[in-house]
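Notes for the one structure printed next.
What follows draws every value from the coordinates through simple rules; no lab data is involved. Just so it is clear, the structure is predicted and the values come from calculations on it, not from any experiment. Glycine also receives a Cβ, built like all others from the backbone with ideal geometry; neighbour counts cover every protein chain displayed.
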Amino acid sequence: MLAMVRNWLASTELPVSFWYYAIRRAVEVCNYFPYKLEDGSFPTPFQLVHKVKPDLRVLFPMFGLAAVRRDQIGDSTLSKFEAQSVFMIAIGRCQQSNGLQFLILQMAHCVIHRL
């Protein structure tokens, strides 16, 4: 898992402050790796716990970039001459819903959005 985390952070050139998100995602991904049992079967840890095969559609590129469209900021509606998209970094899966978590980096502060 540590090699996976180091490679993700190095390949995306992100700072060490993203270590938590990378470790959390590495654990999720490793739960999808099959292991050989004594009876010769190859279940995943996810399959052993939840008694269903894992859905591989939930795997996504860690720290992948996304552009999300927005129509307004607060109460003000954006005009067609203003930027209507914001760039985000995928940092993991949402624990409360079946969506992804994105991190918006704007100037000096960070905000986590769930989509």
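Distance between the 7 Å Cα→Cβ label points at Val58 and Tyr35: 1.8 nm. The slack in the chain from His50 to Met4, taken as 0.36 nm per residue of separation less the alpha-carbon distance, amounts to 14.1 nm.
Once the gyration tensor of the Cα atoms in the stretch 1-57 is diagonalised, the equivalent ellipsoid follows with semi-axes of 28, 11, 8 Å, ordered largest first. Translational diffusion of the chain, estimated by Stokes-Einstein from the Kirkwood radius over alpha carbon pairs at 4 °C in a medium of 1.567 mPa s, is 79 µm² per second.
Could you tell me which trypsin sites (Lys or Arg not before Pro) in the stretch 42-96 are loop residues by DSSP with no more than 16 other beta carbons within 10 angstrom of their beta carbon? Here the trypsin sites (Lys or Arg not before Pro) that fit, given the DSSP loop and packing criteria, are Lys51, Arg70, Lys80. Along the chain, the exposed loop sites are chymotrypsin sites (Phe, Trp or Tyr not before Pro) outside DSSP states H, G, I, E and B with at most 14 other Cβ atoms within 10 Å, and the longest stretch free of them is 36-80. Nearest 10 degrees, 0 to 90: what angle lies between the long axis of helix 19-30 and the longest principal axis of the chain (Cα atoms)? The answer is roughly 40 degrees. Dipole orientation for the chain: of the candidates Thr12, Val49, Ile73, Val49 has the Cα lying most toward the positive pole (charges on Cβ; Lys, Arg +1; Asp, Glu -1). Applied to the stretch 32-43, the Karplus parametrisation 6.51 cos²θ - 1.76 cosθ + 1.60 on θ = phi - 60° returns per-residue 3J(HN,Hα) values of 9, 7, x, 10, 7, 8, 5, 7, x, 7, 10, x Hz, with x for Gly and Pro.
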